[in-house]
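The values are calculated or read from the model by the stated rules, or taken from the named source; none is laboratory data. Just so we're clear, the structure is a prediction, and the values are computed from it rather than from any experiment. Here the Cβ positions follow ideal geometry from the backbone for every residue, glycine too, while neighbour counts run over all protein chains shown. Side chains are part of the model used for accessible areas, which takes the heavy atoms of the whole protein and leaves out ligands, DNA and RNA. Shrake-Rupley method; radii C 1.70, N 1.55, O 1.52, S 1.80 Å.
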Amino acid sequence: MNITKNIHEWLFSLMPETTASIVQMVLIAVVYLAIFAVAGLYLVLLERRVAAWFQLRLGPNRVGYQGLLQTMADAIKLVSKELTGTIKADKFLYNLAPYFVIISALMALSLFPFSKEFQAFDINIGIFFLVAISSIGVIGILLAGWSSNNKFAMIGAMRSGVQTISYELSVGLSLLTMVLMTGTLQLSEIVEVQKHGWLIVQGHIPAIIAFCIYMIAGTAETNRAPFDLVEAESELGAGFHTEYSGMKFAYFFLAEFINMFIIAAIATTIFFGGYLSPFGITESIPVLGVFWFLAKTLVLIFLMMWFRWTFPRLRIDQLLILEWKYLLPLNLLNLVLMALIVLFKLTIHF
């Protein structure tokens with residue numbers, strides 16, 4: 001059972017099947033858009049709080065209780081801002097670019113099993129689909145940089161292409177290492193495999209190496225410091241979204257935080273048992289499953305924020321050397337090691 005099936009059965013009892021399916025898709029889309037907006041806004045607030053904590057500052061504390069409504073005020077401000085641009089921009093691609101970034105993040109979000117019964121889209125090629133969808137987001141960044149007709153935006157977009165293509169290899173290979181162990185690409189099945197222990201424990205040293213590589217490469221894929229060469233405010237103004245304002249700028253801004261959530265949620269699902277309790281209890285109550293899933297994800301998000309406020313920005317040559325000379329060879333060796341471990345276990349079993 002999942003959320004899609006539950007809603008479908010309820011609507012089917014009220015209206016014809018075709019109408020019920022359309023209404024169901026609209027309702028689920030609205031729910032996920034709400035999750036997208038709320039998660040994005042409050043991850044921004046969490047980022048500010050973490051930054052203030054690391055730098056011994058107060059952080060947001062004026063709008064609402066303890067500053068909880070600060071990001072809501074920022075959202076209202078961005079909605080009310082004028083949508084400016086440049087007369088030299090390619091208008092169609094300039095306006096289209098933010099939607100590539102937003103839609104790819106929203107599609108990826110729909111795959112996660114937040115609990116046993118809260119998953120909108122459960123397919124047997126879940127990890128493959130996630131990797132494919134995450135690759136689409138970079139198209140929006142490339143289009144934004146090129147269509148803006150701005151040299152700083154163009155440099156940021158080119159850096160994004162190089163960075164994303166490079167670090168996608170490490171993300172994919174680290175996930176493939178765990179797929180070898182589980183024997184499935186379906187996210188719900190991967191969670192079920194972990195009922196008697198998280199994969200990061202079951203997979204021994206190769207799983208720990210895969211997790212470390214995944215977190216480094218995932219941070220780079222989301223263009224976050226110390227890998228934020230795509231935006232690099234001190235060098236490129238604001239990078240690929242230099243010419244954007246108002247809600248179009250907000251789309252890029254929110255997508256970065258949602259992509260961070262997606263990277264952390266994938267790690268939670270693959271390495272740390274997803275919605276399962278860390279005490280070995282199978283979650284039959286959806287609310288508890290959602291709680292454990294979000295708790296683990298937020299810990300990993302905090303780790304990514306820790307990276308940002310600890311390490312200085314790399315140079316572009318250091319960024320590529322880290323991937324091609326260190327992470328990629330280590331990932332390939334780790335993949336072979338995991339294959340040998342799986343083969344050894346199969347040999348013992350038979």
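Here are some notes:
- In nm, spacing of pseudo-spin labels at Glu233 and Gln318 (7 Å Cα→C-beta vector): 2.0 nm
- Over the range 25-105, all Cα pairs binned in 10 Å intervals from 0 give whole-percent P(r) values of 14, 32, 32, 19, 2, listed from short to long.
- The range 154-213 and the range 27-106 have Cα centres lying 27 Å from one another.
- When the Cα positions of Tyr275, Pro312, Gly237 are compared along the charge dipole of the range 237-325, Pro312 comes out farthest toward the positive end, with charges on each C-beta of Lys, Arg, Asp and Glu.
- Test item: Cα-centred dipole of the chain, Lys/Arg +1 and Asp/Glu -1 on Cβ, debye: 680 debye
- Sorting the Cα pairs of the range 245-331 by distance into bins of 10 Å, from 0 upward, gives 15, 29, 34, 18, 5 percent per bin.
- Applying Stokes-Einstein at 4 °C and 1.567 mPa s to the Kirkwood radius of the range 19-177, computed over alpha-carbon pairs, gives a translational diffusion coefficient of 69 µm² s⁻¹.
- Share of Cα-Cα pairs in the range 127-278 lying beyond 27 Å, as whole percent: 29 percent
- Taking the average, over residues, of other Cβ atoms within 10 Å as the packing measure, peptides 77-87, 127-137 rank 127-137, 77-87 from highest down.
- Residue pairs, from the table Lys151/Lys248; Lys88/Lys151; Lys116/Lys296; Lys195/Lys296; Lys116/Lys195; Lys77/Lys296, whose Cα atoms sit over 22 Å apart: Lys77/Lys296
- Shown are Met338, Met72, whose ranking by accessible area with a 1.4 Å probe and every protein chain present, most to least, is Met72, Met338.
- Of all accessible heavy-atom area on the chain, the percent that carbon and sulfur account for (1.4 Å): 73 percent
- The phi torsions of the range 214-225, fed into the Karplus equation with coefficients 6.51, -1.76 and 1.60 and a -60° offset, translate into couplings of 4, 5, 5, 5, x, 4, 5, 5, 8, 6, 9, 4 Hz, rounded to whole numbers, with Gly and Pro shown as x.
- Heavy atoms of the protein chains alone define the surface here; on that basis the chain has 49 Å² accessible area per residue at 1.4 Å probe size.
- Within the listed set Ala20, Ala153, Ala105, the Gaussian network model of the chain (springs between alpha-carbon atoms below 10 Å) gives the highest mean-square fluctuation for Ala20.
- Of Gln70, Gln55, Gln163, the one that fluctuates the most in a GNM where the chain has Cα springs shorter than 10 Å: Gln55
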